[in-house]
Every structure is written in C-alpha cells, then in structure tokens.
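Every number here is computed from the coordinates shown, using simple stated rules; none is lab data. None of the values given here were measured: they were computed from a predicted structure. Here Cβ is always computed from backbone atoms with ideal geometry, including for glycine, and neighbour counts include all displayed protein chains.
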Amino acid sequence: MTAIGVAGLRKSHQGFEAVKGISFEVAEGEIFALLGRNGAGKTTAIEVLAGFQRADGGTVRVLGLDPYTDRAAVRRRIGIMLQEAGFFPDLTVAQTIDTWRDFTDAPRPRDEAIGLAGLEGRAGTKVRQLSGGEKRRLDLALALLGRPDVLFLDEPTTGMDPEARRSTWAVIRDLAGQGTTILLTTHYLEEAQRLASTMAIMDEGTLVTSGGMAETLAAQSGRVAFRLPAQVSPADLPLPVTMEGGQAVCRAEDPDLAAQTLLTWAAERGLRLAGLEVRTATLEDLFLDLPRSAR
C-alpha cells in the first residue's frame, strides 16, 4: 500500500517557487531518501507533507488523508523530527519526555523512549547540558513517542558521533522492519545509501532522478582510480581517463573489466599502477553528477 503519495506538488514563498510540481510515492514500511543541496526544496516538501503548510498545487496524501485539511487525524499517526526543535533548556531529558507524553495519544513509556534514543545515562541531565548530537537523539525520542505509522526525519544524525549515528541507523531499520514508513532527508549520502531502499534527488525545486536505490546506482558508471606513472601521459592509456586531484580516473559501466584492461596494459610495459582503487557507483557520484547533467 502507498503510505505517502505526492502528485504535482507546488509550493511558493513570497513569490519564490520552492517546490515545482514534484511527484513520488512511498510504500508502507519503506525508507525513502529525499536528497538535494541546501535550498533544493526538501524541507518545504516535508512541511507540506507534515501538514504545517498547505500545498499551492497538486495533491498530497499521507496514509490516504490530506495532511493539511485532515491534520488532526494525520498528526496522531505521524512522527516528525525537524532540523531544529524547541526545548526547555532547564528541564531534564526525562522531564522533557514526560512533558511531551502529556500531549501524545497512547505514548510509549518514558524509559522505552529514552532507550530507543540511547540516552539511558542522560535521563537526569538538563537539556542545556546536552551535546548537539544528544539533543538530536532527544528529538528522535520525542518523534517516536506516539508509535508513528509514518516518520519524517529531517537531518536526523547531524552532530552525532559515529557510534551514535550507527545506533540511530539500527533504530531506523528496526522501525521500518516493524512497518513504519520513513521519509529521510540527509546530507550524509552514505547514510542514505545504507538506509533507503528508494530515493529521489531534488534540485532547484524539481526532481532530477528517482527510483530504487540499488537499481539506480547499478545503472551508473563505476570508477577506477590510480596514480599515473611518471613516464606515462593520459593519452597513452588504453581507456579514457580524467585527471582528478592528482589521480587518473576512468569511469566505466564495468569497473572490474576496466581495471583488468588497465592492469594488463601496464604489465605488458613493466609499469605499476600505484594506489589502484576500483569501486562501483556510489550515491555521492550520482548526487554530484546529476544536477550538472540536468541543467
């Protein structure tokens, strides 16, 4: 079933069109990554989906409902983790969660929420004494209080250390495994690639690509990189390369075959391709290349 449906969504702010007719769907229990540079329109799209703003055009449905006109019904079934949350700095973590529980239907127990966010040792700590990453984990605990069917995560791991980030990834995967639909925005492209099964990239208010994560990346060129031997010029090589940051880089649909061709050529001439690196396409490659090709 479709948990989130967007068709031709448009939204402007003071004459500036931030979202220009985007369309996508997110299936129930799926993790969907909505990506793009700052100012691409991601946060505006999420605010419409969460019911904070009314769409100027197109249709938006969350769990089959209009998130703006049916906001009371939708809010009971969604969780939201925005880039910035307003906390009372002199409340402790436990007191903050208790306060939010008072406004949540059938909330999780306080200790369960604290455990999900990995804040067990900080329950008695005042919010103003938390690190930036710990505040993000408190944001996550609050977003999960109502056991949401749909969860919006806007830059969820900003400021977290690597251990906390991976713990948060595990929580997100577990939630999806239990049937929660998750729409994620992040500038950590490795995070999106590890978590999301489907994705879309926004650029200047439009979608420049969308689809299954694995299928989309499989269709992109891989990369073979190495240090060019001193006596060799790029024109001497059997495959075309570009020089990037002191390395020769060959892009190919089959990077393993390209590497084999280059190594065979080098062996026949008694040369060594130092620092050889072979990898398939990553989300970072796609992210950096698509906006250039879309313009």
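Based on DSSP, what percent of beta bridges with both residues in the chain are antiparallel, to the nearest 5? In the chain, DSSP labels about 65 percent of beta bridges as antiparallel. Here the label points at residue 242 and residue 16, each 7 Å from Cα along the C-beta direction, are separated by 3.0 nm in the simple model. Note on the chain: with a GNM built from Cα contacts shorter than 10 Å, the maximum mean-square fluctuation among 109, 255, 234 falls on 234.
Which value at 222 nm does the chain reach when only helices count, each DSSP H run of 4 or more adding -39,500 (n - 2.57), with the total divided by all residues and rounded to the nearest 500 deg cm²/dmol? Don't skip to the answer; put the middle values down first.
Values: 10 runs with 96 residues, N = 295.
Per the formula, -9500 deg cm²/dmol.
Shape annotation for segment 2-217: C-alpha extents along the principal axes are 46, 37, 33 Å, from largest to smallest. Looking at the chain as a GNM with Cα springs under 10 Å, which of 86, 121, 205 has the largest mean-square fluctuation? Between 86, 121, 205, it is 86 that shows the largest mean-square fluctuation. Measuring r between the beta carbons of residue 52 and residue 120 and using R0 = 30 Å, the FRET efficiency lands at 0.40. Within the listed set 104, 261, 157, the residue fluctuating most in the Gaussian network model of the chain (springs between alpha-carbon atoms under 10 angstrom) is 261. Averaging the Cα positions of each part gives two centres, and for segment 67-119 and segment 177-220 these lie 26 Å apart.
First measure r as the distance between the Cβ atoms of residue 105 and residue 218, then evaluate 1/(1 + (r/R0)^6) with R0 = 45 Å and state the FRET efficiency to the nearest 0.05.
Numbers: r = 42 Å, r/R0 = 0.94.
With R0 = 45 Å, the Cβ-Cβ based efficiency is 0.60.
Considering only Cα atoms, the convex hull volume of segment 194-292 works out to 107 Å³ per residue. In percent, rounded to a whole number, the relative contact order of segment 221-294 is 42, using alpha-carbon pairs under 8 Å and six or more apart. Based on the Cβ-Cβ distance from residue 264 to residue 188, what FRET efficiency comes out when R0 is 35 Å, to the nearest 0.05? Once rounded, the FRET efficiency stands at 0.40.
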